[in-house]
1. Given the criteria within 13 Å of ligand 1 (Cβ to nearest atom) and under 22 Å from Thr162 (Cα atoms), does Thr271 qualify?
2. I'm trying to understand the selection: among the residues of segment 310-350, which are more than 24 Å from Gln196 (Cα to Cα) and within 16 Å of ligand 2 (Cβ to nearest atom)?
3. Of the conditions (1) among the β-branched types (Val, Ile, Thr); (2) away from ligand 2 (no atom under 16 Å from the Cβ); (3) in contact with a strand residue (DSSP E or B) (Cβ under 7 Å, 6 or more places away or on another chain); (4) in contact (Cβ under 8 Å) with a residue 60 or more places away in the chain, Val217 satisfies every one except a single condition; which number is it?
4. Wholly within segment 227-324, which strands (runs of 3 or more DSSP E) include no fewer than the required count, namely at least 2 residues that are surrounded by 24 or more Cβ atoms within 10 Å (Cβ to Cβ) and modelled with pLDDT under 95?
5. Among the listed residues Thr69, Thr131, identify the single one that is open to solvent by 60 Å² or more (accessible area, probe 1.4 Å), touching a helix residue (DSSP H, G or I) at 6+ places or on another chain (Cβ under 9 Å), of a type in the set (Val, Ile, Thr) and modelled with pLDDT under 90.
6. Taking Gly218 as meeting all but one of (1) away from ligand 1 (no atom under 12 Å from the Cβ); (2) buried (at least 20 other Cβ atoms within 10 Å of the Cβ), write down the number of the exception.
7. Within segment 155-214, restricting attention to residues that are outside any helix (DSSP H, G or I) and of a type in the set (Asp, Glu), which residue is farthest from Ala302 (Cα to Cα)?
8. Please indicate, with yes or no, whether at least one residue in segment 263-275 is among the small types (Gly, Ala, Ser) and under 16 Å from the mean Cα position of the chain (by Cα).
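The values are calculated or read from the model by the stated rules, or taken from the named source; none is laboratory data. Everything quoted here is computed from the prediction, not taken from an experiment. With ideal geometry, Cβ positions are generated from the backbone for all residues, glycine too; neighbour counts draw on all protein chains shown. Note: accessible area is taken over every heavy atom of the protein model, side chains too, but ligands, DNA and RNA are not part of it. Shrake-Rupley method; radii C 1.70, N 1.55, O 1.52, S 1.80 Å.
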Amino acid sequence: MYLMSSFSSSLPPYPFHSKISTIKTSSLGELESKTTSDSHKSGFLLSTSSHRKLDLISHYPGDAASIPTVDLSSSDSAREAIGDACRDWGAFHVINHGVPIHLLDRMRSLGLSFFQDSPMEEKLRYACDSTSAASEGYGSRMLLGAKDDVVLDWRDYFDHHTFPPSRRNPSHWPIHPSDYRQVVGEYGDEMKKLAQMLLGLISESLGLPCSSIEEAVGEIYQNITVTYYPPCPQPELTLGLQSHSDFGAITLLIQDDVEGLQLYKDAQWLTVPPISDAILILIADQTEIITNGRYKSAQHRAVTNANRARLSVATFHDPSKTARIAPVSQLSPPSYKEVVYGQYVSSWYSKGPEGKRNLDALLY
Ligand code: OGA
Ligand code: NI
């Protein structure tokens, strides 16, 4: 989720941040104790309607087996499976993806180490600028709830700018552990290659030339957001991350072994099972526009739990903020209006995510 000079679809640091003074100097861990007895004043309490939605978790725990897994070892069979998954889900796991598993594991453990082992002074050295839309660095995220009340997401995060190369400045990233910067660089390179391969297969699954979606996106802006969700004393009252669809083109996400990510499908929230060797692919809003709605972006959220912290690493691939995004001509007549990506993101920030209403506003 979030924004900056080069908008990141990874939930950029929220411009409303500055409205809450406590969050600027407190980590969620510190807020946690205050919130136990005072969740309403602390801003984490959901509105009544959102609260009712959360009740669904216990009724529909989800069918873990049904989220598709695509084996990328053969592109011929993968292409068809990806087409089915994009049409039915907007999300799928990939295995045999070519990214070394030890790199996934190292990325997870470095992320965890930053949040769990660094003292607060160290974390704050990397604090993102809460007064601007440019968001590289450490922060705690909040979003607007209904009727302009502020709802905090129960998460700490670190956003890294990794592509294009002109945005990549490892001195903005944690210096401990000693391989942190190198691993983030390698991880970004691997995720970009995989994202490009997937955009090619997704294009072909619609009968388009392999390069179609990537050409429509233009130069890829990549952000890697590591998110840490501390245990939450009252998980039934808060979300780790509100319901949204990612606003870029495609998101590649890994999680640790703690459940929490949910997908909205057929009017139910389904838990995405953690699979340590797999990478979760989420179709994001610009791909929905480019494919003229043949493939819809995935609506998702993260729930909290009382007992275990959870970690995820989301890698967002977005157009440049000046890119004009429109449905490809082969899939006409267009159902979506053309939009300048930067304007789409600004509008997203000013309205808040609330499901997919930003995208729906572009429909003819
Ligand atoms: C995101 C996101 C999910 C998660 O950062 O956009 O959807 O599991 N994260 O952390
Ligand atoms: Ni997301």
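1. So Thr271 does not fit the description; no.
2. Result: Arg310, Leu311, Trp348, Tyr349.
3. (3)
4. Per the criteria, 239-244.
5. Thr131
6. It fails just one condition, (2).
7. Checked segment 155-214; the qualifying residue farthest from Ala302 (Cα to Cα) is Asp179.
8. Checked segment 263-275: no residue is among the small types (Gly, Ala, Ser) and under 16 Å from the mean Cα position of the chain (by Cα).
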